[in-house]
1. Looking only at residues that are surrounded by 15 or more Cβ atoms within 10 Å (Cβ to Cβ) and not in a helix (DSSP H, G or I) in the stretch 78-99, which one is modelled with the lowest pLDDT?
2. Assuming residue 61 fulfils every condition listed in (1) more than 30 Å from residue 103 (Cβ to Cβ); (2) modelled with pLDDT of 80 or more apart from one, which condition is it?
3. Condition check: within 30 Å of residue 113 (Cβ to Cβ) and at pLDDT 70 or above. Does residue 51 satisfy that?
4. In the stretch 100-131, what residues are modelled with pLDDT of 75 or more, under 17 Å from the mean Cα position of the chain (by Cα) and assigned to a loop (DSSP other than H, G, I, E, B)?
5. Of all residues in the stretch 55-77, which are surrounded by fewer than 16 Cβ atoms within 10 Å (Cβ to Cβ) and either part of a loop (DSSP other than H, G, I, E, B) or in contact with a strand residue (DSSP E or B) (Cβ under 8 Å, 6 or more places away or on another chain) (or both)?
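The values are calculated or read from the model by the stated rules, or taken from the named source; none is laboratory data. Please read all numbers here as calculations on a predicted model, not as lab measurements. Here Cβ is always computed from backbone atoms with ideal geometry, including for glycine, and neighbour counts include all displayed protein chains.
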C-alpha cells in the first residue's frame, strides 16, 4: 500500500514537470508539403457574400410602398439613405421581424413587392387542359401499368 502511494506520487509529479516540455507556443509547418496560409488567402475567404446593395429602381419601389403605408414621409428618391433604412426598420419591427439587416422577403411581400406569380402554372383562374378520359389510355400502356403495379386483370 505504501509502495503504491509513493509510486503514484512520483508518476503524478513527473507528469506535472514533463507536460510543459511538450507544450510549445511555436507552430511548425507540416512537412507534407502543404503551403502556408497567406494574407491573400485569408482576405479571399473573408469576402462578403450575398446582395450588398439595392438597385435604385428597387429602392424607389420600396420607398413608395413605405410612403403608402405611412412609414416614410419624404419623397421616393431611389437612394437607400438613413431615413429609408429607419423607416424599413420601423416597419419590420412593427411586424415583429429582424431590423438590423437589409429588408427581408417577408417585409417586401407584406409591402406588396414580392414576386409575381400571376402567370405560374398553379395560379388562380388558370386554364388547364382537361385530363384524358379513362378509356383513351392505350391498352398496352394500361397493361404495362398494371404489371408494374403487380395488379392482375
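1. Residue satisfying both the conditions and the ranking: 99.
2. In the conditions (1) more than 30 Å from residue 103 (Cβ to Cβ); (2) modelled with pLDDT of 80 or more, residue 61 misses (1) alone.
3. Working: within 30 Å of residue 113 (Cβ to Cβ): yes; at pLDDT 70 or above: no.
For residue 51, the condition - within 30 Å of residue 113 (Cβ to Cβ) and at pLDDT 70 or above - is not met.
4. 100, 102, 103, 104 - these are the residues of the stretch 100-131 that are modelled with pLDDT of 75 or more, under 17 Å from the mean Cα position of the chain (by Cα) and assigned to a loop (DSSP other than H, G, I, E, B).
5. Across the stretch 55-77, the qualifying residues are 55, 69, 70, 73, 74, 75, 77.
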